[in-house]
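Peer 1: The structure's right below; bear with me while I get my questions together.
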Amino acid sequence: MRRKFVAGNWKMNGSLAALAELEAIAAAIDPRVDVAVAVPATLIHAANARAGFPIGAQDVHAADSGAHTGCLSAPMIAEAGAAFAIVGHSERRQGQHETDADVKAKAEALHRHRLDAILCVGETLDQREAGQAEAVVTAQVLASLPEGAAGDWLAIAYEPIWAIGTGKVATVADVETMHAAICSALVEALGQEAADAIRLLYGGSVTAENAAGLLHAAEVDGALVGGASLTAAKFVPIIKAAAG
Ligand code: 13P
């Protein structure tokens with residue numbers, strides 16, 4: 001069985017004062033579970049000094065350097081102390097108009113610089129209600145999949161957009177069906193062995209209350225947690241649920 005992986009995404013939240021939460025999380029980590037938190041880029045350096053577990057960025061530019069005002073490259077986030085970055089979060093696909101090709105190039109930039117990636121995919125409510133969820137998500141996976149995709153550096157997070165920050169969590173059955181579809185797409189693209197090694201996370205309104213059911217569902221290797229990763233009080237029970 002693959003080790004469970006519980007990752008936090010602080011989004012545009014947090015401050016130097018909030019980094020005490022990372023120390024509290026570190027103190028409670030279960031050795032059976034991989035834990036990581038993606039913080040705002042301004043906090044990566046300080047967070048890395050204090051957390052004692054992998055700290056990541058929430059985005060990266062595909063280029064190593066150049067005229068890209070406001071952007072950060074993989075070597076820059078690595079130098080700041082990031083061990084990984086999230087790419088293709090729906091808030092960036094929608095808010096910043098990122099395409100599958102952009103997401104693929106960002107993941108490849110991370111890999112070039114020996115950073116890990118959490119690649120996000122997910123459907124809108126309209127797409128789900130139209131019966132297109134699996135087709136949309138597997139197409140995203142195949143079009144965003146970086147060259148050299150392998151489980152030692154890449155995880156895929158299925159985050160239905162309608163479940164993010166809404167309190168509306170996908171059912172275990174929905175997650176199992178989608179993760180099975182993603183697995184099949186990965187097997188088609190990479191072969192069975194490579195596909196099996198890539199961890200599949202679920203994200204979208206994961207809390208201490210629903211984590212155990214989701215984290216132990218078939219083909220679920222972990223969670224990508226937004227709001228409930230902001231405090232140790234909410235995040236540690238999710239880590240414990242992954243271990244249990
Ligand atoms: P919430 O856990 O706040 O729904 O956010 C999920 C998410 O988008 C993590 O990347």
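Peer 1: Where a Cα-Cα gap under 14 Å defines reach, which aspartates and glutamates qualify for residue 4, not counting those fewer than 8 residues away within the same chain?
Peer 2: Counting by Cα, and skipping residues close in sequence, residue 4 has these aspartates and glutamates nearby: 30, 34, 152, 196, 219, 221.
Peer 1: Which FRET efficiency value, to the nearest 0.05, is calculated for residue 50 and residue 1 with the Förster distance at 30 angstrom and r the Cβ-Cβ distance?
Peer 2: On the way: r = 31 Å, r/R0 = 1.03.
Between residue 50 and residue 1 the formula returns 0.45.
Peer 1: Mind ordering 181-192, 54-65, 27-38, 220-231 by average Cβ neighbours within 10 Å, highest first?
Peer 2: Numbers: 181-192: 16.2, 54-65: 20.3, 27-38: 18.1, 220-231: 22.8.
Top to bottom by mean Cβ count within 10 Å: 220-231, 54-65, 27-38, 181-192.
Peer 1: With each label point set 7 Å from Cα along the Cα-Cβ vector, what nm distance links residue 20 and residue 209?
Peer 2: 2.8 nm
Peer 1: Contour minus end-to-end for residue 152 and residue 132, with contour as 0.36 nm per residue of separation and end-to-end as the Cα-Cα distance? All intermediate terms of the calculation are to be shown ahead of the outcome.
Peer 2: Details: separation 20, 0.36 × 20 = 7.20 nm, distance 3.05 nm.
This chain segment gains 4.2 nm when fully extended.
Peer 1: Let me ask something else about it. Roughly how much of residue 219 is accessible, in Å² to the nearest 10, using a 1.4 Å probe?
Peer 2: Accessible surface of residue 219 is approximately 80 Å².
Peer 1: Also, quick follow-up: Counting pairs of alpha carbon atoms under 8 Å apart in space and at least six apart in sequence, what relative contact order in percent does the chain give?
Peer 2: On the way: 493 pairs, mean separation 53.0, N = 244.
The normalised contact order for the chain reaches 22 percent.
Peer 1: Distance in nm between label sites at residue 184 and residue 139, each 7 Å beyond Cα in the beta-carbon direction?
Peer 2: Once both label points are built, they end up 1.6 nm from each other.
Peer 1: What net charge do the residues around residue 78 carry, taking every other residue with its C-beta under 15 Å from that of residue 78, with Lys and Arg at +1 and Asp and Glu at -1?
Peer 2: Numbers: positive: 106, 112, 114; negative: 59, 64, 79, 108, 116.
Net local charge, residue 78 excluded: -2.
Peer 1: Relative contact order for segment 60-108: what percent, with Cα pairs under 8 Å and sequence separation of 6 or more? Walk me through the intermediate numbers first.
Peer 2: Details: 34 pairs, mean separation 19.4, N = 49.
Relative contact order, segment 60-108: 40 percent.
Peer 1: Three principal axis extents, largest first, for the C-alpha atoms of the chain, in Å?
Peer 2: The Cα atoms of the chain stretch 44, 43, 34 Å along the principal axes, largest first.
Peer 1: Related question: Within the chain, which whole H helices from DSSP have a Cα span along their axis of at least 24 Å and a mean Kyte-Doolittle hydropathy of -0.5 or more, if any?
Peer 2: On the way: long enough: 172-190 (26 Å, 1.21).
Answer set is 172-190.
Peer 1: Taking 0.36 nm per residue of separation and subtracting the Cα-Cα distance, what length does fully extending residue 125 through residue 101 add? Could the numbers behind the result be given before it?
Peer 2: Working: separation 24, 0.36 × 24 = 8.64 nm, distance 2.29 nm.
Taking 0.36 nm per residue and subtracting the Cα distance, the gain is 6.4 nm.
Peer 1: Below 8 Å, C-alpha to C-alpha, sequence gap of six or more: please give me the relative contact order for segment 154-237 in percent. Provide the component values of the computation, followed by the final result.
Peer 2: Values: 122 pairs, mean separation 29.7, N = 84.
Averaging sequence separation for qualifying contacts and normalising by length gives 35 percent for segment 154-237.
The values are calculated or read from the model by the stated rules, or taken from the named source; none is laboratory data. A quick note: this is a predicted structure, and the numbers were derived from the prediction, not measured. Glycine gets a Cβ as well: all are built from the backbone with ideal geometry, and neighbour counts include every protein chain shown. Calculation scope for accessible area: heavy atoms of the full protein, side chains included, ligands and nucleic acids excluded. Shrake-Rupley method; radii C 1.70, N 1.55, O 1.52, S 1.80 Å.
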